[in-house]
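In what follows, a single structure is set out as structure tokens and then discussed.
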There are 4 protein chains.
Amino acid sequence: MSQNQIFRKLEKIRALATDVDGVLTNGAVYYGPEGERLKRFYIRDGMGFERLRNAGYKVVVITGENSELVHRRMEKLLVEHYFPGAKDKYSLLVNWCREQRLDPSELAYLGDDVNDISAMQMCGFKACPSDAFHQIRTLVDYVCHRPGGLGAFREVAELMLAHGPFRL
Amino acid sequence: MSQNQIFRKLEKIRALATDVDGVLTNGAVYYGPEGERLKRFYIRDGMGFERLRNAGYKVVVITGENSELVHRRMEKLLVEHYFPGAKDKYSLLVNWCREQRLDPSELAYLGDDVNDISAMQMCGFKACPSDAFHQIRTLVDYVCHRPGGLGAFREVAELMLAHGPFRL
Amino acid sequence: MSQNQIFRKLEKIRALATDVDGVLTNGAVYYGPEGERLKRFYIRDGMGFERLRNAGYKVVVITGENSELVHRRMEKLLVEHYFPGAKDKYSLLVNWCREQRLDPSELAYLGDDVNDISAMQMCGFKACPSDAFHQIRTLVDYVCHRPGGLGAFREVAELMLAHGPFRL
Amino acid sequence: MSQNQIFRKLEKIRALATDVDGVLTNGAVYYGPEGERLKRFYIRDGMGFERLRNAGYKVVVITGENSELVHRRMEKLLVEHYFPGAKDKYSLLVNWCREQRLDPSELAYLGDDVNDISAMQMCGFKACPSDAFHQIRTLVDYVCHRPGGLGAFREVAELMLAHGPFRL
């Protein structure tokens with residue numbers, strides 16, 4: 001897809017939906033004797049959340065996992081639309097768009113693995129981290145230069161801020 | 001080994017045996033004042049376990065270490081055949097194959113260091129992460145593009161799913 | 001900027017101001033069920049703090065975050081001038097320079113993201129880690145070879161020690 | 001230094017002295033609200049300790065830091081000669097050699113930073129991780145292909161096992 005086509009798609013985007021593991025994190029999950037213990041987030045992605053919110057974009061976070069520690073990160077990032085334990089991301093996002101009076105063509109999606117495909121395919125702008133699962137990389141409009149948990153989210157956020165309807 | 005030879009070997013594979021440290025993890029072990037504290041796993045490898053199981057493959061996890069935290073990860077991944085503290089991986093795997101009525105030629109093996117060699121050599125398909133110990137890389141049928149703890153397991157899983165007898 | 005211009009700027013530098021996240025760390029923040037749990041620092045950067053102090057340089061650490069764990073690291077590094085929760089880094093640094101009887105042209109600044117820009121621009125020598133946000137990389141006098149949390153701080157420290165007014 | 005010169009030096013080596021941070025670890029130190037919390041070691045380096053010991057080599061670990069968590073790792077690795085809090089590594093190593101009836105020319109040294117220089121320079125074989133501080137890289141007989149905490153130790157161990165007086 002040419003840069004111009006990408007910019008044209010971004011002109012309509014008013015919200016960003018993102019997965020957690022492999023997108024906001026590097027896909028790593030640290031186990032201790034008590035089980036899942038830590039996940040690694042990225043401070044510059046956090047600034048992306050702040051900048052999108054300040055500009056007027058909505059951000060929705062959807063994940064198949066349900067992890068207390070991700071709740072804590074979402075609180076820190078002031079994320080209002082957080083859906084853990086989402087087994088059917090597609091239906092969930094259809095409903096969310098209806099509630100928010102958004103058309104899926106106004107929604108960008110950032111995902112990295114096969115369980116993102118059906119939700120991703122209805123969205124107006126599809127992106128993935130540089131290290132996404134290969135099947136995803138062939139489906140998206142935009143493959144980030146940055147990998148998951150190391151700036152992929154911020155990269156999409158800055159693209160939206162530079163070319164979308166809301167600017168800082 | 002040519003791609004065709006690899007595909008032909010995979011046609012017979014019905015189970016995957018894997019090491020833990022350096023394969024399901026990046027080989028890192030995090031110590032705190034209380035001793036071994038954390039190991040790092042990879043969420044996309046977890047999806048590989050789920051997809052292999054759904055397709056009908058058996059997965060067996062064999063490691064020389066005996067770490068409570070690995071137990072927790074195995075529980076999360078619903079691994080039925082987990083053998084910690086395995087000092088003689090070869091004999092253990094011979095017995096396991098007999099119990100499961102599998103011929104070693106139907107078993108794939110994913111390992112990264114010298115203590116995997118004897119068990120690995122009897123198996124029908126031998127693979128290692130991209131960052132395996134050099135002696136292992138010269139022995140295997142397939143060197144993954146991905147390193148340990150960053151998708152090597154998923155890569156072998158997807159090869160099996162694409163070319164093996166059981167498919168999703 | 002030519003190497004000679006860089007050396008000439010360094011001849012006047014008597015103090016170094018640095019951000020924390022993405023500079024002294026790799027930008028990662030590890031969350032556990034209790035919230036923010038860990039950040040990752042670099043032992044060779046620690047030696048940079050020691051060597052700058054021994055040579056007679058002042059180091060000031062300024063960050064928008066306010067994290068107990070960063071306090072602990074600052075204590076270990078014997079940092080006297082530590083300002084957490086700094087929302088307006090520019091004003092804070094203006095005041096600090098006045099107190100220390102330093103002209104901003106005698107101050108080097110090491111930062112990585114947009115909230116460093118205004119403070120950075122008044123300083124006599126501006127540097128960023130190799131993986132800084134792209135907008136910062138275009139503003140600075142010197143882009144480090146090393147990324148944040150992996151030696152960027154040490155690299156600037158050694159430049160100052162080799163070309164500044166105070167030498168070991 | 002030519003490969004032959006390296007092999008000739010290794011023929012006399014009967015013991016290996018190593019630093020901890022940046023050599024057995026990647027130089028990272030993870031802080032939590034309680035202070036220093038974790039360091040990251042590498043499982044394949046652990047196998048290097050085992051293989052050197054089995055072959056008859058002595059290993060001595062010397063570090064300027066004094067960290068409870070490093071003690072735990074040394075216990076796991078069955079290290080007998082561990083010297084934490086070593087401010088003068090040179091004198092310490094001179095004494096240790098005398099006690100062990102070793103000539104420094106029979107000792108290999110693996111270090112990564114300026115505080116290793118004086119101790120390193122008396123040793124018969126000097127090596128550093130691929131990511132050592134640049135000043136060290138110019139001093140050593142051998143720069144590892146692997147960085148600290150990711151196999152540098154194992155690499156030197158295998159060199160000794162392949163070319164030294166004791167072999168497995």
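General observations
Quick grid of which residues meet (1) within 18 Å of residue B:128 (Cα to Cα); (2) within 14 Å of chain D (Cβ to nearest Cβ):
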residue	(1), (2)
B:5	yes, no
B:29	no, yes
B:57	no, no
B:61	yes, no
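- Residue D:67 passes every criterion in (1) surrounded by fewer than 18 Cβ atoms within 10 Å (Cβ to Cβ); (2) of a type in the set (Ser, Thr, Tyr); (3) under 25 Å from residue B:21 (Cα atoms) apart from (1).
- The residues listed here are A:157, A:127; of these, the one that is in contact with a Phe, Trp or Tyr (Cβ under 6 Å, 6 or more places away or on another chain) and not polar (S, T, N, Q) is A:127.
- Residue ID - nearest to residue D:154 (Cα to Cα), chosen from residues in the range D:57-77 that are of a type in the set (A, V, I, L, M, F, W, C) and touching a strand residue (DSSP E or B) at 6+ places or on another chain (Cβ under 6 Å): D:59
- Scan of the range A:41-57 for residues that are out of contact with any helix residue (DSSP H, G or I) (no Cβ under 8 Å at 6 or more places or on another chain) and surrounded by fewer than 21 Cβ atoms within 10 Å (Cβ to Cβ), ordered by number: A:50, A:53, A:54, A:56
- Single condition residue A:140 does not satisfy, out of (1) closer than 18 Å to residue A:1 by Cα; (2) assigned to a helix (DSSP H, G or I); (3) hydrophobic (A, V, I, L, M, F, W, C): (2)
- Any hit, the range B:69-76, residues being more than 30 Å from residue D:36 (Cβ to Cβ) and touching a residue at least 40 places away in the same chain (Cβ under 8 Å): no
- In the range A:37-49, residue nearest to the chain's Cα centre (by Cα) [restricted to those that are more than 7 Å from chain C (Cβ to nearest Cβ) and under 17 Å from residue C:149 (Cβ atoms)]: A:45
- Within the range A:155-168, residues that are over 13 Å from residue A:126 (Cα atoms) sit with their Cβ atoms under 9 Å from residues that are hydrophobic (A, V, I, L, M, F, W, C) and surrounded by fewer than 14 Cβ atoms within 10 Å (Cβ to Cβ), at 6+ positions apart or across chains, in these pairs: A:161/A:168; A:162/A:7; A:163/A:7.
- Filtered residue count, the range A:142-168, keeping only those that are surrounded by fewer than 18 Cβ atoms within 10 Å (Cβ to Cβ) and of a type in the set (Asp, Glu): 0
- Among the candidates B:109, B:90, the residue that is farther than 20 Å from residue B:43 by Cα and out of contact with any Lys or Arg (no Cβ under 9 Å at 6 or more places or on another chain) is uniquely B:90.
- Lone qualifier among A:52, A:69 - being part of a helix (DSSP H, G or I) and more than 17 Å from the chain's Cα centre (by Cα): A:69
- Residues satisfying the stated conditions in the range C:78-104, i.e. in contact with a strand residue (DSSP E or B) (Cβ under 9 Å, 6 or more places away or on another chain), among the charged types (D, E, K, R) and not in a helix (DSSP H, G or I): C:80
- Of all the residues in the range A:108-159, those that are farther than 30 Å from residue C:23 by Cα and small (Gly, Ala, Ser) number 4.
- Verdict on residue C:74 being out of contact with any helix residue (DSSP H, G or I) (no Cβ under 8 Å at 6 or more places or on another chain), more than 12 Å from chain D (Cβ to nearest Cβ) and hydrophobic (A, V, I, L, M, F, W, C): no
- Hits in the range D:44-94 - residues which are over 29 Å from residue D:168 (Cβ atoms) and of a type in the set (S, T, N, Q): D:66, D:67, D:91
- Residues of the range D:116-137 satisfying the condition of being assigned to a helix (DSSP H, G or I), away from chain C (no Cβ under 14 Å) and touching a residue at least 40 places away in the same chain (Cβ under 8 Å): D:119
- Hits in the range A:9-40 (condition: surrounded by fewer than 16 Cβ atoms within 10 Å (Cβ to Cβ) and either part of a loop (DSSP other than H, G, I, E, B) or modelled with pLDDT under 95 (or both)): A:11, A:12, A:34
- Residue B:79 meets the conditions (1) within 14 Å of another protein chain (Cβ to nearest Cβ); (2) surrounded by fewer than 16 Cβ atoms within 10 Å (Cβ to Cβ) in every case but one. The failed one is (2).
The values are calculated or read from the model by the stated rules, or taken from the named source; none is laboratory data. Treat the numbers as computed from the prediction; the structure is a model and nothing was measured. FYI the Cβ positions are ideal-geometry reconstructions off the backbone, even for glycines, and counts take in every protein chain you see.
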